[in-house]
Amino acid sequence: MKFIQLFTLILLTSFFFACKQDTKQAATTPPPPAPEAAPPAGPKPEVYLFATTVDKLNLRDQPNKTGRVVTQIAEGAFLEGTGEVSANKEDAELRGISYTEPYFKVTSTTPEQHNGWAYGGALQRVYAGSRTTSPDLGKLTQLTSFLKTLNAKKLDSGKKAWDYVTANFSDSKGTLADAAFILLEGFLSRMEREGEFYKMTENFKWADADYEAISDEKFDMNKYPHTKSLAQNGFRLETGEGMIFPIVDWAKLTGFFAQKATPPMKMYLEQELLEQKEKAWDDGGVIIGLDKVAERAFFWEKFNREHPYFLRSEQTLESQRWTKITVINGSDNTPSYDYETKVVNEDYKKVWTDILQKYPGTQLAKDVKTISDLYASEGWKRTKKVEDFITQYIDGMYK
């Protein structure tokens, strides 16, 4: 779902940038808020542990493509780091996905302990913390070695992966459970991208009741042979743009890992599952109450503030940005202002007032106050001054 949300956000942001108003701009515009970031909280991790996601990953002596190759790292191997990251980022396409990522200074966990820089797009962070609480590297290596034997384009690989994890990680706790979840979910997500299992659903004649049940999270996956097979291999159904397609079953992942994981990971799993079950967006529109979008924005801000070194901080920060942009500026089909009159919609004025009362002292409340004050000074209309500010605001979040 995050891939879908990010794609929609890009379109939404492009829309904001493209919008032009004829209203005369005032002389000055308030500076945009600082870029979204989680402030330091607690001690910086002593060690980071990464799993490699591609084979023959180059370990270089410099953080760029021209650096000398020190050695090549096999897929599924583990690298250690202290958090040192290159200032530069480079573009690369790995397994059909485009990345713009920095390099990480790492050491191989093999007896040779090669040192160098590895491209971030080929690394999967599975641990960040002290050495005393690091997960069992032996068990994780066995898991990645097994996953390497599976074909991500074959549906039965999902069940094989789940069977292995169930047999070997049912008693796992804490950081080991966190790492196992990251590795399993990563493999299932790769299956979702590469397996073309949507072909099992795109040509099927679905009943209207099926669409409704899937949309309401009430569909019985045992209803048809092909949906039963998808469920057995770790997938559920989703609807979008009039289509039905399979995605990774987060309810199954949460059911297995939530009670085993560390407290932050448990919170993350449960919140992700909640947001999947109660979708916020559909066809470019907000389909839940703005108050609930605000609750999510507050949740992710608090989560990122309290857990700045979380394993999936890039994703949780994106959730924070996405929900905040939505509650402040709406979406294409649920805008914060009337497209014809340019007057701010009352629903947004109300949620901004509620945010100031319910979440005082948060960055969310500070940003809402800045923008609502600007709107008030412009007669609650979407003038060019407001438009320019929103453009800078969104742009600033991604710098």
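The values are calculated or read from the model by the stated rules, or taken from the named source; none is laboratory data. Note that this is a predicted model, so its numbers are computed, not measured. FYI the Cβ positions are ideal-geometry reconstructions off the backbone, even for glycines, and counts take in every protein chain you see. The accessibility values were calculated without ligands, DNA or RNA, using every heavy atom of the protein model including side chains. Shrake-Rupley method; radii C 1.70, N 1.55, O 1.52, S 1.80 Å.
Residue-by-condition table, conditions (1) closer than 30 Å to Pro264 by Cα; (2) over 26 Å from the mean Cα position of the chain (by Cα); (3) not small (Gly, Ala, Ser):
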{"residue": "Arg131", "(1), (2), (3)": "yes, yes, yes"}
{"residue": "Leu155", "(1), (2), (3)": "no, no, yes"}
{"residue": "Leu183", "(1), (2), (3)": "yes, no, yes"}
{"residue": "Gly186", "(1), (2), (3)": "yes, no, no"}
{"residue": "Ser189", "(1), (2), (3)": "yes, no, no"}
{"residue": "Glu196", "(1), (2), (3)": "no, no, yes"}
{"residue": "Ala209", "(1), (2), (3)": "no, yes, no"}
{"residue": "Asp220", "(1), (2), (3)": "no, yes, yes"}
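The residues in the range 131-168 that are closer than 14 Å to Glu75 by Cβ and of a type in the set (Val, Ile, Thr) can be counted, and the count is 3.
Against the test of being surrounded by 14 or more Cβ atoms within 10 Å (Cβ to Cβ) and more than 21 Å from Ser189 (Cα to Cα), the options Gly158, Gly129, Gly138 yield a single qualifying residue, Gly129.
Here the range 343-361 is the region considered, the condition is being touching a helix residue (DSSP H, G or I) at 6+ places or on another chain (Cβ under 9 Å) and not in a helix (DSSP H, G or I), and the residue that is surrounded by the most Cβ atoms within 10 Å (Cβ to Cβ) is Val344.
Taking the conditions (1) open to solvent by less than 60 Å² (accessible area, probe 1.4 Å); (2) modelled with pLDDT of 95 or more in turn, Gly284 satisfies each one other than (2). Considering Pro30, Pro63, the condition of being of a type outside the set (S, T, N, Q), more than 24 Å from the chain's Cα centre (by Cα) and either in a helix (DSSP H, G or I) or at pLDDT below 50 (or both) is satisfied by Pro30 alone. Take the conditions (1) in contact (Cβ under 8 Å) with a residue 40 or more places away in the chain; (2) surrounded by fewer than 22 Cβ atoms within 10 Å (Cβ to Cβ); Leu364 misses just one of them, which is (2).
Give the residues of the range 224-264 that are in a helix (DSSP H, G or I) and under 19 Å from the mean Cα position of the chain (by Cα), sorted by residue number. Scanning the range 224-264 gives Trp250, Ala251, Lys252, Leu253, Thr254, Phe257, Pro263, Pro264. Flag not set for Thr71, criterion: open to solvent by less than 80 Å² (accessible area, probe 1.4 Å), outside any helix (DSSP H, G or I) and either over 27 Å from Ser145 (Cα atoms) or at pLDDT below 95 (or both). Scan the range 104-121 and give yes if some residue there is acidic (Asp, Glu) and more than 16 Å from Glu314 (Cβ to Cβ), otherwise no. The answer is yes, given that some residue of the range 104-121 is acidic (Asp, Glu) and more than 16 Å from Glu314 (Cβ to Cβ). From the list Glu314, Glu306, the one residue that fits, being within 30 Å of Tyr48 (Cβ to Cβ) and at pLDDT 95 or above, is Glu306.
Restricting attention to the range 109-117, does a residue exist that is of a type in the set (Val, Ile, Thr) and farther than 21 Å from Asp55 by Cβ? No, that holds for no residue. Of all residues in the range 47-65, none that is free of Cβ contacts under 8 Å to residues at least 12 places away in the same chain has its Cβ atom under 6 Å from the Cβ atom of a residue that is open to solvent by 20 Å² or more (accessible area, probe 1.4 Å), 6 or more apart or on another chain. Number of residues in the range 199-214 that are of a type in the set (Gly, Ala, Ser) and either closer than 15 Å to Lys228 by Cα or open to solvent by less than 30 Å² (accessible area, probe 1.4 Å) (or both) equals 1.
Condition check ((1) touching a Gly at 6+ places or on another chain (Cβ under 6 Å); (2) surrounded by fewer than 17 Cβ atoms within 10 Å (Cβ to Cβ)) across all residues:
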position: Phe169; (1), (2): no, no
position: Lys173; (1), (2): no, yes
position: Ala177; (1), (2): no, no
position: Phe181; (1), (2): no, no
position: Met243; (1), (2): no, yes
position: Gly255; (1), (2): no, yes
position: Thr262; (1), (2): yes, no
position: Lys266; (1), (2): no, no
position: Glu272; (1), (2): no, no
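Within the range 141-151, the set of residues being open to solvent by less than 60 Å² (accessible area, probe 1.4 Å) and either part of a loop (DSSP other than H, G, I, E, B) or closer than 16 Å to Lys65 by Cα (or both) comprises just one member, Leu150.
Give Leu317, Leu364, Leu311 a once-over and let me know the one that is under 21 Å from the mean Cα position of the chain (by Cα) and not in a helix (DSSP H, G or I). One residue alone meets the criteria, Leu311.
If you go through the range 349-375 and keep only what is of a type in the set (Lys, Arg) and within 17 Å of Gly289 (Cα to Cα), you end up with Lys349, Lys350, Lys358. Would you confirm whether or not the range 184-194 contains a residue that is farther than 22 Å from Ser145 by Cα and open to solvent by 30 Å² or more (accessible area, probe 1.4 Å)? Among the residues of the range 184-194, not one is farther than 22 Å from Ser145 by Cα and open to solvent by 30 Å² or more (accessible area, probe 1.4 Å), which makes the answer no.
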